[in-house]
1. What aspartates and glutamates sit close enough to K25 to cross-link, taking a C-alpha to C-alpha distance under 12 Å and skipping anything fewer than 8 places away on the same chain?
2. Hey, what do the phi angles of the range 105-114 turn into as Karplus ³J(HN,Hα) couplings, whole Hz, using 6.51/-1.76/1.60 and θ = phi - 60°, x for Gly and Pro?
3. How many percent of the alpha carbon pairs in the range 1-81 exceed a separation of 21 Å?
4. If one takes the longest principal axis of the Cα atoms in the chain, at what angle in degrees, from 0 to 90 and to the nearest 10, does the Cα axis of helix 246-289 lie?
5. Quote to one decimal, in nm, the extra length available between R341 and K93 on full extension: 0.36 nm per residue of separation minus the C-alpha distance between them.
6. Modelled label-to-label distance, W415 and K362, 7 Å Cα→beta-carbon offset: nm?
7. Would you mind pulling out the separation of the Cα centroids of the range 206-271 and the range 90-133, in Å?
8. Suppose the chain between E354 and E141 were pulled fully straight at 0.36 nm per residue; how much longer would it get relative to their current alpha carbon spacing?
Amino acid sequence: MHGSHTGEYIKDSFLHMLKEWKINKDRVVLVLRDNGANMVKGLRLADIPDLSCTAHSLQLVVNDGLASQRAVIDVIAMLKKCVTHFQHSILAKQRLRNIQRDLGLPEHNLIQAVPTRWNSTLHMLHRALEQKRALNIYSVEHGGFTCPSAHQWDIVSKLVETLIPIEEVTLQVSYSNSSASSIIPCITVLKMLLEDKGPSTQGIGTLREVMRESLTKRFNKLEDSKVVVLACLLDPRYKSHAFCFASTLNKAKEWLKEDVECGLQGQAETERGNQEQQADEEEPAAQDQAPKRQRREDTPCHSQIDKIFSSLFGPHTSDLLVKGTIEDELNQYLKEPVIERRKGDPLQWWKQNEGRFKLLAKAARKFLCSPSSSVPSERVFSEVSAIYDKKRSKLTGEHAEQLCFLHHNLVLLDWDY
């Protein structure tokens, strides 16, 4: 990409990419993006269903909470300086290691926080809390940094207690096999978690309240997204139990009926077109074999009657099929118990129950394919940055793309090629 990355430019680039890969625009179910205004505008102009990356939004929620309390900001800055001290001095690391051995603590290195990954801050706090006694002794004997006070260590402890469940949710939506169906349940659980009073340490309660308000603001229109709602409904681990509003289930039923009806109509039109094409191909051969008089009398009449019957009964058959079966399938599906959240595989469940829910199974394949975050694609970017090296100056972008493609897809062939 070259030039200014405006919304119009992103729209043109994205549509060009679809054309290059020969992907019909109507086949795009959902595009995950970050919260940049240009990305939002570009996909709106392209008229493509889009959603903000859940992991990026959770990053902003946590950042809002951490930035709301001065005491939290101060203790994080203090521990960052502490970690920097040991990263810049081999002698300091050796002294800390000796203290760890004397105290019987794990001989772990300290972890530095990275601004682009909020959970690195959690890992830094957790590791510092683990090495609290060693850091206090080192600060007294050798100096070089200011160690947190007893009150500040208490803040660190309660902060770790608050952030660990949020990291668990962030990891759950960041897996490569995670589906958009997990977004609504995870956000619902986080809201319930943050509504609890939690630790009584001064400042932590306010931090939790700020995070809860930020979570509500950033995900307030989540149940207005057709793809996310239907993905959650069609996931046998969640179904409609995680919806916050009773009206969401009614909307989901209407969306599902419309989608199934459109799919059936498209399928009927495709079959009708194939039949007409086959009839057109067979007609010349039949005309050559039949007598001329019979060809003049029977063939045109037969062709016109077929077309009239197809146009007359085609749409009505689809309507009756939708009204007669989709509601029955959905009601039966919702009555069945949910499967286990951690061990249950929704795609495998639908494969085993496709015979009982033929219409719902097609919709499930469509909506469960959407990922919940762009983290897996960002891992690909990291791999490409490893492929591109200063010493590989003649490596073209096309070849780098091919190497990255092979790296991911040869695993599916078990490296047998």
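1. Result set, ordered by chain and number: D47.
2. 8, x, 7, 9, 7, 6, 10, 8, 6, 10
3. 47 percent
4. 40 degrees
5. 85.0 nm
6. About 4.1 nm, to one decimal.
7. One Cα centre to the other: 43 Å.
8. In short, 69.8 nm is gained.
The values are calculated or read from the model by the stated rules, or taken from the named source; none is laboratory data. Keep in mind it's a predicted model, so treat the numbers as computed, not measured. Cβ: placed from backbone, ideal geometry, glycine included. Neighbour counts: every protein chain shown. Quick note on the areas: whole protein, heavy atoms, side chains included, nothing else; ligands and nucleic acids left out. Shrake-Rupley method; radii C 1.70, N 1.55, O 1.52, S 1.80 Å.
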